[in-house]
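Novice: Mind looking over this structure? Questions follow.
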Protein chains: 2
Amino acid sequence: MTKDEKAVLDANDAFYAAFAAREPEVMDRLWAKRAPVACVHPGWSPLRGRDEVVASWHGILSGGGAPPISCSRATAHLLGDAAYVICIEHVPGGLLVATNTFVREDGEWRLVHHHAGPLMRPIEEPDAPQGETMH
Amino acid sequence: MTKDEKAVLDANDAFYAAFAAREPEVMDRLWAKRAPVACVHPGWSPLRGRDEVVASWHGILSGGGAPPISCSRATAHLLGDAAYVICIEHVPGGLLVATNTFVREDGEWRLVHHHAGPLMRPIEEPDAPQGETMH
């Protein structure tokens, strides 16, 4: 694993840590300040623009509707100063697949896009324990 | 719209044209040759690596299982030499949201990642006519 891949996976872990701990202010800081931000929550219409995306996370994390969540099988895919991570999200209702896209801004890997949707045809996906993050 | 945004949307259109026309060889050429390729078909486990992804498209487009598809509301989001497009996919069973990620390789915008999942909470999404591509 390269240094950049490790850094991107660390940024991905920080995203799930903020999600699991329901910390909207931390979540806010993880998103890009200048690059174009968007988000597709499971089943939702796409949200475009930083204000709309950050507001959605504030609502989810502050409103009591945030499910317990953990992430497994994260892999980082580098595209120069951008990168995407694919991982499995474990929530009480089942499994989701997420793509999290990052950009390097001010020396930090920051989220620009999150897209999560249901996993209905698991292939070789073991029953990973809740709360464990595996790379 | 910048020249790059237009070029990325053109590459996105080419993806849906190859999908709709069921042309696996054309689809193959649209995917990156060197950048890390992955794909999340609706509900599937993630596919990682060019061989696995291209093989899945050959199976879908050659096997008679490819649904009629069209794309609407595509928006391009530039990240330097990478970009992502968010759009709504219209298939017979309903609507999907897709994120398509591209990189610039050899002067062309090529797909590196496709992630599609169901749209269950449409917001301000009109009944776009099937077969129409709107930007």
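Bear in mind these aren't lab numbers, they're just calculated from the coordinates by the rules spelled out. This is a predicted model, so every value here is computed, not measured. Every residue, glycine among them, receives a Cβ derived from its backbone with ideal geometry; neighbour counts consider all protein chains shown.
Novice: Scanning the stretch B:59-88 for residues that are buried (at least 22 other Cβ atoms within 10 Å of the Cβ) and within 14 Å of the chain's Cα centre (by Cα), which turns out nearest to residue B:22 (Cα to Cα)?
Specialist: Here the residue is B:71.
Novice: Pick from the stretch B:55-97 the residues that are touching a strand residue (DSSP E or B) at 6+ places or on another chain (Cβ under 6 Å) and outside any strand (DSSP E or B): which of them is nearest to the other protein chains (Cβ to nearest Cβ)?
Specialist: That would be B:81.
Novice: Related question: From the list A:53, A:40, A:112, pick out the single residue that is in contact with a Gly (Cβ under 9 Å, 6 or more places away or on another chain) and surrounded by 22 or more Cβ atoms within 10 Å (Cβ to Cβ). Spell out how you get there, then give the answer.
Specialist: Values: A:53 fails: in contact with a Gly (Cβ under 9 Å, 6 or more places away or on another chain); A:112 fails: in contact with a Gly (Cβ under 9 Å, 6 or more places away or on another chain).
Going through A:53, A:40, A:112 in turn, the sole match is A:40.
Novice: With A:110, A:73 as the choices, which residue is of a type in the set (Lys, Arg) and closer than 26 Å to residue B:43 by Cβ?
Specialist: Values: A:110 fails: closer than 26 Å to residue B:43 by Cβ.
Exactly one of A:110, A:73 is of a type in the set (Lys, Arg) and closer than 26 Å to residue B:43 by Cβ, namely A:73.
Novice: Please state which of the following conditions residue B:78 fails to meet, knowing it meets all the rest: (1) touching a residue at least 60 places away in the same chain (Cβ under 8 Å); (2) touching a Ser or Thr at 6+ places or on another chain (Cβ under 6 Å).
Specialist: Only one criterion in (1) touching a residue at least 60 places away in the same chain (Cβ under 8 Å); (2) touching a Ser or Thr at 6+ places or on another chain (Cβ under 6 Å) is unmet by residue B:78, namely (2).
Novice: If I filter the stretch A:16-38 down to residues being more than 18 Å from residue A:63 (Cα to Cα) and not charged (D, E, K, R), which single residue comes out as nearest to the other protein chains (Cβ to nearest Cβ)?
Specialist: A:36
Novice: For the stretch B:23-58, name all the residues that are more than 26 Å from residue A:94 (Cα to Cα), under 16 Å from the mean Cα position of the chain (by Cα) and without any contact (Cβ under 8 Å) to a residue 60 or more places away in the chain.
Specialist: Hits for the stretch B:23-58 are B:23, B:24, B:25, B:26, B:27, B:28, B:29, B:50, B:54, B:55, B:57, B:58.
Novice: Now for a separate question. Exactly one of these conditions fails for residue B:108: (1) of a type in the set (D, E, K, R); (2) under 16 Å from the mean Cα position of the chain (by Cα); (3) within 11 Å of chain A (Cβ to nearest Cβ). Give me its number.
Specialist: (3)
Novice: Right, another one. Select from the stretch B:8-20 the residues that are crowded, with 17+ Cβ neighbours inside 10 Å and in contact (Cβ under 8 Å) with a residue 60 or more places away in the chain and list them in ascending order.
Specialist: If the condition is that a residue be crowded, with 17+ Cβ neighbours inside 10 Å and in contact (Cβ under 8 Å) with a residue 60 or more places away in the chain, then B:8, B:9, B:11, B:12, B:15, B:16 are the ones that fit.
Novice: Could you list, in sequence order, the residues of the stretch A:3-45 that are at positive phi and not basic (Lys, Arg)?
Specialist: Selection gives A:43 alone.
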